[in-house]
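Participant: What follows is a structure written as structure tokens; I'll ask about it next.
The values are calculated or read from the model by the stated rules, or taken from the named source; none is laboratory data. Note that the structure is a prediction, hence the values are computed from the model and not measured. Here the Cβ is made from the backbone with ideal geometry for all residues, glycine too, and neighbour counts use every protein chain on show. We work out accessible area using only protein heavy atoms, side chains counted, and drop any ligands, DNA or RNA first. Shrake-Rupley method; radii C 1.70, N 1.55, O 1.52, S 1.80 Å.
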Amino acid sequence: MTDRDDDALLQVRNLRKYYEDGGGLLDRFLGNEATSVKAVDGVSFDVHEGETLGLVGESGCGKSTTGETLLRLREATGGTVAFDGEEVFDLDDESLSAFRRRAQIVFQDPFSSLDPRMTVGAIVAEGMRIHGLPESDPTVATDAELTVADETDRTVDVTVADDLDRVVEAGDDGVARVPVTVQRVETDDEDGVAYDATVDEYEELLGATVEERDGELHVAVTVTGSARQIRNARAGALLERVGLSADQVDRYPHEFSGGQRQRVGIARALALDPEFIVLDEPVSALDVSVQAQVLNLLDDLQDEFGLTYLFIAHDLSVVRHICDRVAVMYLGKVAELGPTDEIFENPDHPYTEALLESVPRAEVEEQGRRVATLSGDVPSPRNPPSGCRFRTRCPKVIPPDDVDIEQSAFRDVMDLREDVAAERLDPAEIRETEPAEYRKQEVPGITGENAAVVDEALEAVADGEFDTAAETLRERFETVCETTPPDDEPGADGEVVACHLHD
Amino acid sequence: MTDEILKVRNLTTRFFTEEGQVNAVESVDFDVRDGETFGIVGESGSGKSVTALSLIDLVETPGRIVEGEVWYRDADLAEEHRESHPDAVDGDYVDVRQLPESTRRWLRGPAFATIFQDPMSSLNPSITVGEQIAEAVEVQRRARANPRRTRSRTQGYGLGRLLVDSVVPSRDYVSEESHERAVELLERVGIPDPEQRAEEYPHEFSGGMLQRAMVAQALAGEPDVLIADEPTTALDVTIQAQILNLLRDLQEEEDMSVVLITHNLGVIARMCQRVGVMYAGEVVERGALEDVFQNPVHPYTEGLLGSIPDIEDPAPRLSPIEGNVPSLLDSEMGEECYFADRCPKAMESCLHRIDEHEAESTVDDAAHHVRCVLANREYDESEALGPEAKQEVITDD
């Protein structure tokens, strides 16, 4: 496991993407300050060759933005991404184009990600057209498997055009081969004999001619199809590979169902022979029976083409099924990253635990199961909590060493502190119920010194002095979770547990 | 058998579109018992949402409920209509579909209430959340006071109303009590600081909070049956867990019955005692959760359960159902079982209409109905339809 870094195909370090909001002319005129939405705020992980890394989290956690930013579909605010050793954000136009061929994306929504005015054949072939494909690779040799029919009585030799690899894919030995048959045909000419050569594959795109020189037969195989025809044929083959039929190239997206469209999207991503594909919620829009078909297809394609996937999803069961390693994101940061089985069986981060606990299982034992839910909603990414992002909802938020308090009571205290800081409490109500009484209702589990401090703070709230109250509470109950951000850099083993409980 | 609050029989809803007649819901039967959660599960286009809309008679043109009965238990209502609508009354039950339109409308609220999938589009963005809930309360209050006049504020806008409003200062439709009740309801559904939140507009609420507000609105009429159409589909799992807990708590406290419509088998498993599985407009299997999930008879139910990856035990390969959901256009639907072309166990006998059969049940007091010939016989491989025959099933249509 120690040499893992060496085979990292993709290295993401401290990736950040902020969306600026406000700060326009009108905003400045009105005196509105510019704020930024920190969609992705310092994300680091590696993707190793041939693996599937899952990026999972709830909506708004920044998982899709991460996927799009690392492909440079969005301009990053900061951080670095290295693909096969090259810095993606420093690439010039030419190398960026080469990178685009090697890294592709499949989008979530099969309806809006396909142009309704293009045939699916054109959609799949579009990337090839833009990148000037088919092109011939000078390092690929070409050859023909010659079959000579019995009645042919001459020596035959064969020459194959160098650009045959535009049509025929090279085999493992780096040679593109095509089967050719030569046979003798009777004619009405004076000799009554002629020879004919046929290419047994790609008949529409390849041609073979026979010439008789010095008593020998020379067969020449050439590419006769236009670039467009070659692309179309390849598009058809790709559609077939993803489970559609090649004669559907001329159809339009609206003629396909959601699952079939997603297959078109996958065929499009495969068209440039990529090594790495970002799958952005590829099955979320599909029904379960179709979802299972597409998941199986993705599995097969990965084996067949040796692909590396970054699989972005919110459905944890799907992630468990398809991923080798999983990164759990929360509010723009990675909370936990590790091998799938470890994450699902022994989650270390309280957020991962809560997430897994929440998923309803489709089995009878699930009936009536009460889930310990997280309190509240995800905070705004405009103004994320200091320290650990999850501390405002974490059921295991760490009390200060010198404070003796029950875990659940400390959670209540922290919730009260949030309310005080946001001035969400009603001073009149607290005055009416008496601070001590109010404390017994809202934070029932505390006694002694803790209770006294809370009472003191509530008295300040009753007088409308929220700042004093917040300060009083902070002095007593300040936790490491709010002062220090947990370490979320991948360790030597590539794993992350961004939690102080794990230090 | 008086513990059923709702008995749906032979419910059939069709859409008459330009492309032709679409059989969205076809001869659907099910019962909903007092205080239970009945689940309807199916993939998109299986007719589960249209079934919900048909229950409360909210199918919009070009759709129409062409047949079927919705028997609702209400002794008072039965007594009231025994003379005037003898066909619509059976013991304590009334057939909601045969009642006059005004009565049916009056039933929405105290009898049936609905929450929909997308809370953002179900609430009016230009009216505060509290006001919208208060309006629902007010409508119910006025309806109870005078069942004949049940106009909500949004009805009856017109030129006359416009002129009156421009001369006379606007009359407040919603009374003070209703506003107070709305705040109470918001508190019931777990919205912190309800007085403050009642003054806010929907865009100031998060998705989970909005769904809670929708539940509050549905509770305004103190319904006997709450119809929840994909109530958690738009929500994240941790928020989904909150809403499911809330629904279960409310159901116990209010003694409501819930019809829960979802595509998520996990949500069904957590919430429901009995469940119906829909495919191509039909309920193909229904019964107790244990029967349907552990001993599924219909190959579609089996396939659906086999399609979902197990979060605890990742199988190396999923076993999906081959093919796609069929077209529901009447002209393209044959006489055979609608699932036959995708069914791994299709046989000769599947090539004609299949009725509901009773299958073995392991649970007392819960019948297990299956719309499949395999309900009371074993699958016999020698009778299997080959791929060619299945292809014919498709091309015959």
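Participant: So for the pair B:Glu254, B:Glu184, with labels modelled 7 Å out along Cα→Cβ, what separation do we get in nm?
Facilitator: A separation of 1.3 nm, rounded to one decimal place.
Participant: Relative to the longest principal axis of chain B, what angle (0 to 90°, nearest 10) does the C-alpha long axis of helix B:176-188 take?
Facilitator: 40
Participant: So if R0 is 35 Å, what FRET efficiency would A:Ser136 and A:His254 give, r being the distance between their Cβ atoms, rounded to the nearest 0.05?
Facilitator: In this case the efficiency is close to 0.45.
Participant: For segment A:171-330, give me the percentage of DSSP beta bridges that are antiparallel, rounded to the nearest 5 percent.
Facilitator: Working: 15 of 20 bridges.
The antiparallel proportion sits near 75 percent.
Participant: What is the diffusion coefficient of chain A in µm²/s, taking the Kirkwood radius over Cα pairs and the Stokes-Einstein relation at 25 °C with a viscosity of 0.890 mPa s?
Facilitator: So the translational diffusion coefficient is about 90 µm²/s.
Participant: Can I get the semi-axes of segment B:282-395's equivalent ellipsoid? Compute them from the C-alpha gyration tensor as square roots of 5 times the eigenvalues, in angstrom, largest first. Let's see the in-between values first.
Facilitator: Details: eigenvalues 112, 74, 37 Å².
Those come to 24, 19, 14 Å.
Participant: Roughly how many whole Å is it from the C-alpha centroid of segment A:307-347 to that of segment A:113-176?
Facilitator: So the separation of the two Cα centres works out to 39 Å.
Participant: log₁₀ I(q)/I(0) of chain B at q = 0.09, 0.14 Å⁻¹, via Debye over equal Cα point scatterers, no solvent, to two decimals?
Facilitator: -0.60, -1.30
Participant: Continuing with this model, one more query. On alpha-carbon atoms, Rg over Rh for segment A:1-87 using Kirkwood Rh?
Facilitator: Value, to two decimals: 1.12.
Participant: On the principal axes of its Cα set, how long, how wide and how thick is segment B:41-143? Give whole Å, largest value first.
Facilitator: Sorted from largest, the Cα extents of segment B:41-143 read 45, 37, 24 Å.
Participant: Expressed as a rounded percentage, what relative contact order does chain B have, with Cα pairs under 8 Å and six or more residues apart? Don't skip to the end; give the middle numbers.
Facilitator: Details: 708 pairs, mean separation 76.0, N = 397.
Answer for chain B is 19 percent.
Participant: Right, here's the next one. Calculate the tail of P(r) for segment A:404-496: the fraction of all Cα-Cα distances greater than 19 Å, expressed in %.
Facilitator: In whole percent, the share of Cα-Cα pairs in segment A:404-496 beyond 19 Å is 42.
Participant: Also, I was wondering about something else. What do you get when you divide the Cα radius of gyration of segment A:219-375 by 2.2 N^0.38 Å, with N the number of residues?
Facilitator: It is 1.34.
Participant: Where the accessible area of the protein assembly as shown is counted over protein heavy atoms with a 1.4 Å probe, how much of it, in %, is carbon and sulfur?
Facilitator: Result for the protein assembly as shown: 45 percent of the exposed heavy-atom area is carbon or sulfur.
Participant: For A:Lys63, which lysines qualify as cross-link partners when the Cα separation must be under 27 Å and same-chain residues fewer than eight apart are set aside?
Facilitator: Excluding near neighbours in sequence, the set is A:Lys17, A:Lys38, A:Lys333, A:Lys396.
Participant: Let me ask another. Taking both sides together, what accessible area is buried at the A/B interface, probe 1.4 Å, expressed in Å² and rounded to the nearest 100?
Facilitator: Approximately 4000 Å² gets buried when A meets B.
Participant: Here is a further query. Beyond 39 Å, what percent of the Cα pairs of the protein assembly as shown remain?
Facilitator: Values: 218341 of 404550 pairs.
Roughly 54 percent, once rounded to a whole number.
Participant: Counting only protein chains, not ligands or nucleic acids, how are A:Tyr351, B:Tyr201, B:Tyr338 ordered by accessible area (probe 1.4 Å), most first?
Facilitator: Solvent-accessible surface, decreasing: B:Tyr201, B:Tyr338, A:Tyr351.
Participant: Find the percent of Cα-Cα distances in segment A:144-245 that exceed 15 Å, and round it to a whole number.
Facilitator: For segment A:144-245, the share of Cα pairs beyond 15 Å comes to 66 percent.
Participant: Fully extended, how many nm does the chain gain between A:Glu342 and A:Asp196 (0.36 nm per residue separation, minus their Cα-Cα distance)?
Facilitator: Roughly 46.2 nm would be gained on extension.
Participant: Now for a separate question. Could you provide, to the nearest whole Å², the per residue accessible area of the protein assembly as shown with probe 1.4 Å?
Facilitator: 45
Participant: Measuring from label point to label point, each 7 Å out along Cα→Cβ, what is the A:Thr484 to A:Thr447 span in nm?
Facilitator: Those two pseudo-labels are separated by 3.1 nm.
Participant: Going by Cα centres, segment B:84-120 and segment B:1-73 are how many Å apart?
Facilitator: Segment B:84-120 and segment B:1-73 have Cα centres spaced 13 Å from each other.
Participant: Relative to the longest principal axis of chain B, what angle (0 to 90°, nearest 10) does the C-alpha long axis of helix B:387-396 take?
Facilitator: Relative to chain B, helix B:387-396 is tipped by roughly 50 degrees.
Participant: What's the FRET efficiency of B:Arg9 with A:Glu49 using the Cβ-Cβ distance as r and R₀ = 56 Å, to the nearest 0.05?
Facilitator: 0.40
Participant: Here's a follow-up. Have a look at the DSSP beta bridges in the protein assembly as shown and tell me what percent are antiparallel, nearest 5. Please report the intermediate quantities before stating the final value.
Facilitator: On the way: 77 of 127 bridges.
Roughly 60 percent of the beta bridges in the protein assembly as shown run antiparallel, per DSSP.
Participant: Could you check what % of the DSSP bridge pairs in chain B are antiparallel, to the nearest 5?
Facilitator: 65
Participant: Next up: Obtain the nm distance between the two label points defined at B:Gln98 and A:Arg382 by a simple spin-label model: each point lies 7 Å from its Cα along the Cα-to-C-beta direction.
Facilitator: That separation, rounded to one decimal, is 5.8 nm.
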